[in-house]
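The values are calculated or read from the model by the stated rules, or taken from the named source; none is laboratory data. Values in this document were obtained by computation on a predicted structure and should not be read as measured data. Don't worry about glycine lacking a Cβ; one is built from the backbone with ideal geometry, like all the others, and counts go over all protein chains shown.
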């Protein structure tokens, strides 16, 4: 394995970790806001607050690692993505700041107004939508070189079916991932009413999540034929993803093994993520940037790999302790303890 592949693999692990953890967090905020609007906050709010309280501060650790790593391993990404993503990235940063500020004030300052709860929930949809633009741009066709500088064609971006397909997938995936996990979490809390409602949400968003994922492959056929051929060659990974998806939905439908259903769902997205990443190789941005012509020097690469592996070695045990001491602690999950991380 070359250093380039090792570097992008390490970054992929952090990115996938962020996708799962952040999706649960974003979806939880949205479901909390939705329950407030529909008058069902008495069913969901307590369960969701018990989940968000210990984890909201660590969600973005994965994202920070990824962005530091992508620039460290592949310095040219700052040139190609930096200017083109100035607007969407700035929007995402503002939304993340609003989200973090709201939760800090609501947890420690007693801010409970309905409109702020709704704003917090909506950021859970707008943030993944704005971040998903990175994937769209990486497929090529939206950036042109003017005087040797990359310029984003906003008109092409906002009128592209592929762009909107990826945005819709980001929204449906967030809601599906979050609903599946929270169903398991509410079941662990022995809150039958919340479990039934979240189970309903999981089943509702399962179909749109898998349909929009398939829709992106269809759109890729005309937008980026090279990437499409790579995706088709990895059909067996998508087949495994569909099998895991079917298993997850089956257990949720049967009201059985919610924990297993969640891990099957993680497996579903793992195989899909692998298929996308492998088929995208070696490009970071079609057709201008690959992992080979933008890689850092060998000494820096080795230092970064060591640092990121060490970081992962600290982060995973920390998350395990967080799960053990808070999220799945019998007294805490059932609301018998009010600890805050």
Step by step: first the residues of the stretch 119-135, then only those that are surrounded by 19 or more Cβ atoms within 10 Å (Cβ to Cβ) and over 15 Å from the mean Cα position of the chain (by Cα), then the one that is farthest from residue 35 (Cα to Cα). Which residue is that?
120
Could you tell me which numbered condition residue 190 fails, if it satisfies all but one of (1) at pLDDT below 90; (2) surrounded by fewer than 18 Cβ atoms within 10 Å (Cβ to Cβ); (3) closer than 21 Å to residue 36 by Cα?
(3)
Can you name every residue in the stretch 77-89 that is buried (at least 18 other Cβ atoms within 10 Å of the Cβ) and over 14 Å from residue 151 (Cβ atoms)?
77, 88
I'd like to verify a number: residues in the stretch 243-259 that are modelled with pLDDT of 95 or more and surrounded by 15 or more Cβ atoms within 10 Å (Cβ to Cβ), how many?
7
Tell me, which helices (runs of 4 or more DSSP H) lie completely within the stretch 1-99 with 3 or more residues that are within 26 Å of residue 305 (Cα to Cα) and touching a strand residue (DSSP E or B) at 6+ places or on another chain (Cβ under 9 Å)?
76-84
Candidates 231, 284, 264, filtered to the one that is touching a helix residue (DSSP H, G or I) at 6+ places or on another chain (Cβ under 9 Å), crowded, with 20+ Cβ neighbours inside 10 Å and not in a helix (DSSP H, G or I)
284
Suppose we keep only residues that are crowded, with 17+ Cβ neighbours inside 10 Å and under 20 Å from the mean Cα position of the chain (by Cα) within the stretch 92-118. Which one would you say is modelled with the lowest pLDDT?
103
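Answer with yes or no whether residue 176 is at pLDDT 95 or above and either more than 22 Å from the chain's Cα centre (by Cα) or part of a helix (DSSP H, G or I) (or both). Spell out the reasoning first.
Numbers: at pLDDT 95 or above: yes; either more than 22 Å from the chain's Cα centre (by Cα) or part of a helix (DSSP H, G or I) (or both): yes.
In short, yes.
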